[in-house]
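K.L.:
Here's a structure for you.
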Amino acid sequence: MTKTVEERYQEAKTRYAEIGVDTEAALKKLQEVKISMHCWQGDDVKGFLNPEGELTGGIMATGDYPGAAHTPDQLRQDMEKALALIPGKHKINLHAIYLDTDEAIDLDEIEPKHFEKWAKWANEQGVGLDFNPTFFSHPMMKDGMTLAHPDKAVRDYWIEHGKRSRKIAEYLGKETGQTCINNFWMPDGMKDNPIDRYTPRKRMMESLDEIFEEDLNETYTQEAVESKLFGLGAEAYTVGSHEFYMGYGLTRDKLICLDAGHFHPTEVISNKLSSLALFSKGIMLHVSRPVRWDSDHVVIMDDELQEIGKEIVRNDLLDKTNIGLDFFDATINRIAAWVVGTRNTQKALLKAMLEPTNELKQIELENDYTKRMALTEELKDFPYADVWNYFCEQNDAPVGMNWYEEVMNYERDILSTRDKELATAK
């Protein structure tokens with residue numbers, strides 16, 4: 001006779017209790033975690049600033065899977081579907097290019113009113129909103145530079161965009177009643193070896209200082225700065241390196257954003273969390289998956305994702321860490337990408353919450369490395385999936401692969417019609 005989700009959970013609960021783990025406490029803790037699900041997976045990072053949806057450089061998704069969102073309403077519809085398949089209440093991460101307005105405006109003209117529909121929708125869905133100014137895919141990104149460009153007119157354009165983005169983030173925080181994390185990432189860099197690495201960084205620092213000159217209420221918005229090792233067209237030199245933004249964040253009282261794909265191929269962000277937690281105001285994560293480079297693949301349950309979860313939970317950093325996603329894959333169903341990536345991030349946290357952390361720390365303190373290895377290896381065989389399935393059921397989210405059928409039905413009924421409708425409209 002097949003056991004129910006409840007029965008399997010009760011068995012798992014008993015087994016975990018034998019090693020001193022309270023599954024009910026773990027589930028309560030997981031229920032409080034909000035993952036910031038990024039909007040740009042749904043339309044391949046095109047946004048709605050340019051009606052033609054053409055990127056002008058700085059970022060790019062690959063693939064042509066049918067059904068991408070072409071309007072804000074379609075994108076919200078798709079995210080509603082994804083959120084319904086993910087247990088818990090979360091946040092949505094917006095970029096500035098995802099404004100919802102009939103006005104023809106540029107990035108240095110955006111205002112809170114251009115995001116009113118997003119705020120209203122978020123409140124209807126019971127989700128929070130995060131934000132990002134968009135310093136890419138725009139003609140004013142000149143010579144691979146924005147805030148670090150030697151031309152003051154270029155810098156002034158992007159400074160104005162940054163200032164306006166701060167006001168929008170503040171507005172979104174006020175409207176939703178949840179602090180809006182506003183994350184700043186600039187792709188400024190050079191393709192080949194520069195002579196002067198110092199001066200562009202000085203210009204970047206001064207530009208950011210001008211953007212952040214006005215104090216905003218941190219109840220409504222907090223700001224993060226995000227580094228990167230290299231990018232397409234900036235293979236030799238990136239102005240906003242890890243060292244630059246670690247220094248900037250620590251001295252300017254900003255959150256420091258770590259993106260899983262923004263470092264050397266053998267370098268991981270999990271090992272940086274404990275160090276930054278000691279000195280920084282807080283941390284913003286962009287949970288992604290690099291494949292040989294910052295390729296932003298959909299998050300899978302790999303070793304690094306689990307290590308990120310362990311570092312956050314073992315060191316009690318949930319209150320100090322804002323967890324967001326950053327990947328975009330246009331070769332697969334975009335809603336499925338959201339669901340897989342978000343649920344995996346939650347699973348990684350749950351697995352860490354189901355460890356006997358205090359006992360493991362005591363074993364380590366006593367230099368009993370044999371038992372440390374034996375117990376951590378044994379934990380890999382514990383039935384965390386039965387606890388996860390129970391969590392899904394308690395949140396009215398599909399258990400196991402049941403979500404996949406819903407996504408395929410949505411693709412058949414909704415997504416498959418979009419490209420035809422767009423072609424007819426043109």
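Computed from the coordinates by the stated procedures, all read-outs in this text should not be read as laboratory data. Just so you know, these numbers come straight off a predicted model, no measurement behind them. Every residue, glycine as well, gets a Cβ built from its backbone with ideal geometry; the counts of neighbours run over all protein chains shown.
K.L.:
Determine the calculated [θ] at 222 nm for the chain from helices alone, applying -39500 (n - 2.57) to every DSSP H run no shorter than 4 residues and normalising by the residue count; nearest 500 deg cm²/dmol.
P.N.:
Calculated at 222 nm, the ellipticity per residue is -13500 deg cm²/dmol.
K.L.:
Next up: Based on the Cα atoms of region 256-395, what semi-axes does the equivalent ellipsoid have, where each is the square root of 5 times one gyration tensor eigenvalue, given in whole Å with the largest first?
P.N.:
Largest first, region 256-395 gives 26, 20, 14 Å.
K.L.:
Given contacts defined as C-alpha pairs under 8 Å and at least six residues apart, what's the relative contact order of region 210-362, whole-number percent?
P.N.:
Taking the mean separation of contacting Cα pairs over the length of region 210-362, I get 19 percent.
K.L.:
For M353, M1, M205, M401, what ranking results if the residue with the fewest other Cβ atoms within 10 Å of its Cβ goes first?
P.N.:
M1, M401, M205, M353
K.L.:
Quick one: of the DSSP bridges fully inside region 36-353, what percent are antiparallel, nearest 5?
P.N.:
Antiparallel bridges: around 15 percent, rounded to the nearest 5.
K.L.:
Also, I was wondering about something else. Among L75, L49, which comes first, then next, by fewest other beta-carbon atoms within 10 Å?
P.N.:
With the sparsest Cβ surroundings first, the list reads L49, L75.
K.L.:
Nearest 20 debye, what's the magnitude of the dipole of region 36-353 about its Cα centre given +1 on Lys and Arg Cβ and -1 on Asp and Glu Cβ?
P.N.:
900
K.L.:
How would you classify region 82-165 from its alpha-carbon gyration tensor, with a ≥ b ≥ c the square roots of the eigenvalues: rounded for a/c under 1.5, else prolate if a/b is greater than b/c, otherwise oblate?
P.N.:
Because a/c hits 1.5 or more and a/b exceeds b/c, region 82-165 counts as prolate.
K.L.:
Restricting the count to DSSP beta bridges whose residues both fall in region 154-276, what percent are antiparallel, rounded to a multiple of 5?
P.N.:
Once the DSSP bridges in region 154-276 are tallied, antiparallel ones form about 25 percent.
K.L.:
In region 263-336, what GluC sites (Glu not before Pro) fall in a loop by DSSP, with at most 13 other Cβ atoms inside 10 Å?
P.N.:
E267
K.L.:
Grab the Cα-Cα distance for Q394 and E116, subtract it from 0.36 nm times how many residues apart they are, and report the gain in nm with one decimal.
P.N.:
96.8 nm
K.L.:
Select from the chain the helices, each a whole stretch of DSSP H, whose alpha-carbon atoms run 27 Å or more along the helix axis and whose Kyte-Doolittle mean is at least -0.5; answer none if there are none.
P.N.:
334-353
K.L.:
Too long at a 23 Å Cα-Cα cut-off: which of K34/K272; K320/K347; K228/K361; K167/K272; K46/K254?
P.N.:
Result: K228/K361; K167/K272; K46/K254 exceed 23 Å.
K.L.:
Sticking with this one: Only sites in a loop by DSSP and with at most 11 other Cβ atoms within 10 Å count here; which trypsin sites (Lys or Arg not before Pro) in region 171-214 make the cut?
P.N.:
Counting only loop positions with at most 11 other Cβ atoms within 10 Å, none of the trypsin sites (Lys or Arg not before Pro) in region 171-214 qualifies.
K.L.:
Which Cα, out of W403, L85, L379, lies furthest along the positive dipole direction of the chain (beta carbon charges, K/R +1, D/E -1)?
P.N.:
Positive-most Cα among the choices belongs to L379.
K.L.:
Using Cα-Cα distances under 8 Å and only pairs 6 or more residues apart, what relative contact order does the chain have, in percent?
P.N.:
Relative contact order comes out at 19 percent.
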